1. Can you find even one residue in region 155-166 that is within 13 Å of the chain's Cα centre (by Cα) and not in a strand (DSSP E or B)?
2. Inside region 171-191, can you point out the residues that are in contact with a strand residue (DSSP E or B) (Cβ under 9 Å, 6 or more places away or on another chain), surrounded by fewer than 11 Cβ atoms within 10 Å (Cβ to Cβ) and at pLDDT below 95?
3. Filter region 136-145 for residues that are touching a residue at least 24 places away in the same chain (Cβ under 8 Å) and either acidic (Asp, Glu) or surrounded by 16 or more Cβ atoms within 10 Å (Cβ to Cβ) (or both) and give the result.
4. Against the definition (free of Cβ contacts under 8 Å to residues at least 24 places away in the same chain and within 23 Å of Met8 (Cβ to Cβ)), how does Val110 come out, yes or no?
5. Given (1) hydroxyl-bearing (Ser, Thr, Tyr); (2) assigned to a helix (DSSP H, G or I); (3) in contact with a Gly (Cβ under 8 Å, 6 or more places away or on another chain), identify the lone condition not met by Ser27.
6. Considering only region 205-240, state which residues are surrounded by 18 or more Cβ atoms within 10 Å (Cβ to Cβ), of a type in the set (A, V, I, L, M, F, W, C) and under 20 Å from Ala148 (Cα atoms).
7. Being surrounded by 21 or more Cβ atoms within 10 Å (Cβ to Cβ), of a type outside the set (Val, Ile, Thr) and touching a Pro at 6+ places or on another chain (Cβ under 9 Å): is that true of Leu62 here?
8. Determine which member of the set Arg212, Arg267, Arg224 is touching a His at 6+ places or on another chain (Cβ under 8 Å) and either among the basic types (Lys, Arg) or part of a helix (DSSP H, G or I) (or both).
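The values are calculated or read from the model by the stated rules, or taken from the named source; none is laboratory data. Values in this document were obtained by computation on a predicted structure and should not be read as measured data. Heads up, the Cβs are rebuilt from the backbone with ideal geometry, glycines too, and the neighbour counts pull from every protein chain shown.
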Amino acid sequence: MSDPLGEMYRMPVGFGPAPGPRNLPASQRHRRFDKKATSLTLSAVTEAGPLAALLPARMTLLGEPRLEIAVTLLSDVGWLAGRGYNIVMVRIPARWEGGQQIAGHFVPVVWENMADPILTGREELGWPKIFADIPAPDDSGALMRGSANWDGFRFLEFAAEELEHAPLPDTAPLPMLFRKYIPRTGEWGTADIDQMTVVEPSPPAAEIRSCRVGSGRFSFAAARWEDMPTQYPIVSALAALPLGDFGPAVRLETSGGTDVSGQRILR
């Protein structure tokens, strides 16, 4: 009997090729792009200086300084045999000015509430994924309210209201840019890998089933070491950004979409 998995490995490697979002068993590969998602995107204007300080070298702010969050509730995920998980992604509109110029969203941190997508996304894609409890928000369609916490410490609150049906967006999402960093074992402070990567829109595109637009707000709470021993610098840096002039809240329901296997290294 042939091995149903492709040659993709990650720790622990002694058990052979590892299944995951980009490597399903042969009998399940028809489910590769299966998923349903409800997403809420919020944004706010902030101060350019401290926001730009979160960008890596060779990146500059794109347009007015805005901080964005995207909360996504995934269900019926094919590679998880129909299970789901929730995501909070922080985004900064920015431009990469390396060997080529790319305008998109720099993503400094992503929280997820399940270990498997965190591990596969960190190791295979280089996304800055970390864990948080992200309960399903209160969601009536017209109103959506929720939070994220770590071991009981609530570090993010968000809300959208007066969400009314709107025409489906007909523009492709912007590229997303990430900094992949892996430390060198035994040489702390030295990188084994330190590189930029990009995900650009690619097929199959998610099918947008509904769109609602309204008003919304979000806020981060500063944390002490005692509150979040490994994450307090992250949430405190975000909490220090003053937020105002909140943009429209956009709630989308989608199905399908890419597994971002087309992510590539930027030179």
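1. Pass one, region 155-166, residues within 13 Å of the chain's Cα centre (by Cα): none.
For region 155-166, residues within 13 Å of the chain's Cα centre (by Cα) and not in a strand (DSSP E or B): absent.
2. From region 171-191, those in contact with a strand residue (DSSP E or B) (Cβ under 9 Å, 6 or more places away or on another chain) are 173-185, 189-191; that's our starting set.
Now narrow it down to the ones that are surrounded by fewer than 11 Cβ atoms within 10 Å (Cβ to Cβ): 185, 189-190.
Of everything in region 171-191, just one residue is in contact with a strand residue (DSSP E or B) (Cβ under 9 Å, 6 or more places away or on another chain), surrounded by fewer than 11 Cβ atoms within 10 Å (Cβ to Cβ) and at pLDDT below 95, namely Gly189.
3. Within region 136-145, the subset touching a residue at least 24 places away in the same chain (Cβ under 8 Å) is 136-137, 139, 141-142, 144.
Pro137, Asp139, Met144 - these are the residues of region 136-145 that are touching a residue at least 24 places away in the same chain (Cβ under 8 Å) and either acidic (Asp, Glu) or surrounded by 16 or more Cβ atoms within 10 Å (Cβ to Cβ) (or both).
4. Working: free of Cβ contacts under 8 Å to residues at least 24 places away in the same chain: yes; within 23 Å of Met8 (Cβ to Cβ): yes.
Spelling it out, Val110 is indeed free of Cβ contacts under 8 Å to residues at least 24 places away in the same chain and within 23 Å of Met8 (Cβ to Cβ).
5. (3)
6. Hits for region 205-240 are Phe218, Phe220, Ala223, Met228, Ile234, Val235, Leu238.
7. Values: surrounded by 21 or more Cβ atoms within 10 Å (Cβ to Cβ): no; of a type outside the set (Val, Ile, Thr): yes; touching a Pro at 6+ places or on another chain (Cβ under 9 Å): yes.
When the stated conditions are applied, Leu62 does not pass them.
8. Working: Arg267 fails: touching a His at 6+ places or on another chain (Cβ under 8 Å); Arg224 fails: touching a His at 6+ places or on another chain (Cβ under 8 Å).
Just a single option satisfies the conditions, and that option is Arg212.
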